[in-house]
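Visitor: What follows is a structure written as structure tokens; I'll ask about it next.
No value in this document is a laboratory result; all are computed from the given coordinates. Predicted model, so just to flag it, every value in this text is computed and none were measured. Cβ placement follows ideal geometry from the backbone for every residue including glycine, while neighbour counts extend to all protein chains displayed.
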Amino acid sequence: MTGDKIKIMIVEDEAMIAMDIEERLREMGYDVPAMVNNGKEAIEMAGKFLPKLVLMDIVIRGEMDGIETAEKIKEMYNIPSLFLTAYDNDATLQRAKKVKPLGYLLKPFDDSKLQDIILDMQIKNSLDPQ
């Protein structure tokens, strides 16, 4: 493994929450190349930076919600998403599961749970013969 930091993009419509998540990720040793608040920009930045993971809020600005955006990013760039949301209703959860995210964390979330999911992704990717 090189000394490069893993890139994680944040898609969050609340600026203060996005900045908090960014700070937490940087403290964990990750690079945050972009923070965006809508689906269109998320797709553009995913193509530009090719992060290893997108932390995706479900309720975001613009025409697409986070679930639709995550689905497009996965289709176009094969980048997984981890949903971070305050909503835990069953209909939303069922829609989110169809995208096959790495996980689904309710806000406020515990840093150790986020770290565990990211580490699991790293281990899985290091074992995949791609």
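Visitor: How do 105-115, 61-71, 25-35 rank on mean C-beta neighbours within 10 Å, highest first?
Guide: Values: 105-115: 13.5, 61-71: 19.7, 25-35: 16.2.
Descending packing order for the listed peptides: 61-71, 25-35, 105-115.
Visitor: If each of residue 4 and residue 123 carries a label point 7 Å out from its Cα toward its Cβ, how far apart are those two points in nm?
Guide: In this crude label model, residue 4 to residue 123 measures out at 2.3 nm.
Visitor: Taking only pairs that are 8 or more places apart or on different chains, how many Lys pairs in region 8-123 have Cα atoms under 21 angstrom apart?
Guide: 24
Visitor: Hey, another quick one. Classify region 1-42 from the C-alpha gyration tensor, please: rounded if a/c falls under 1.5, else prolate or oblate depending on whether a/b exceeds b/c. Could you put the intermediate results ahead of the total?
Guide: Working: a/c = 4.56, a/b = 1.60, b/c = 2.84.
Note, shape of region 1-42 comes out oblate.
Visitor: Among rounded, prolate and oblate, which fits region 7-96 when a ≥ b ≥ c are the square roots of the eigenvalues of its C-alpha gyration tensor, a/c under 1.5 means rounded, and a/b larger than b/c means prolate? Don't skip to the answer; put the middle values down first.
Guide: Values: a/c = 1.59, a/b = 1.20, b/c = 1.33.
Oblate, because a/c is 1.5 or more while a/b does not exceed b/c.
Visitor: If you stretched the chain out fully between residue 76 and residue 111, how much longer would it get, using 0.36 nm times the residue separation minus the C-alpha to C-alpha distance? Don't jump to the answer; show the numbers that get you there.
Guide: Working: separation 35, 0.36 × 35 = 12.60 nm, distance 2.88 nm.
That pair, residue 76 and residue 111, stretches by 9.7 nm at full extension.
Visitor: So between residue 19 and residue 86, what do we pick up on full extension, going 0.36 nm a residue minus the alpha carbon distance?
Guide: Numbers: separation 67, 0.36 × 67 = 24.12 nm, distance 1.67 nm.
Stretched fully, the residue 19-residue 86 segment lengthens by 22.4 nm.
Visitor: Let me ask something additional. Can you tell me the order of 51-59, 92-100 when each peptide is scored by its average per-residue count of other Cβ atoms within 10 angstrom, highest first? Kindly include the intermediate steps, with their values, before the conclusion.
Guide: Numbers: 51-59: 23.2, 92-100: 14.7.
Put in order of decreasing packing, that is 51-59, 92-100.
Visitor: Divide by every residue of the chain the summed helix terms, -39500 (n - 2.57) for each DSSP H run of at least 4, and state the resulting mean residue ellipticity at 222 nm, rounded to the nearest 500 deg cm²/dmol. Intermediate values should be presented prior to the final figure.
Guide: On the way: 5 runs with 61 residues, N = 130.
Dividing the helical sum by the residues of the chain leaves -14500 deg cm²/dmol.
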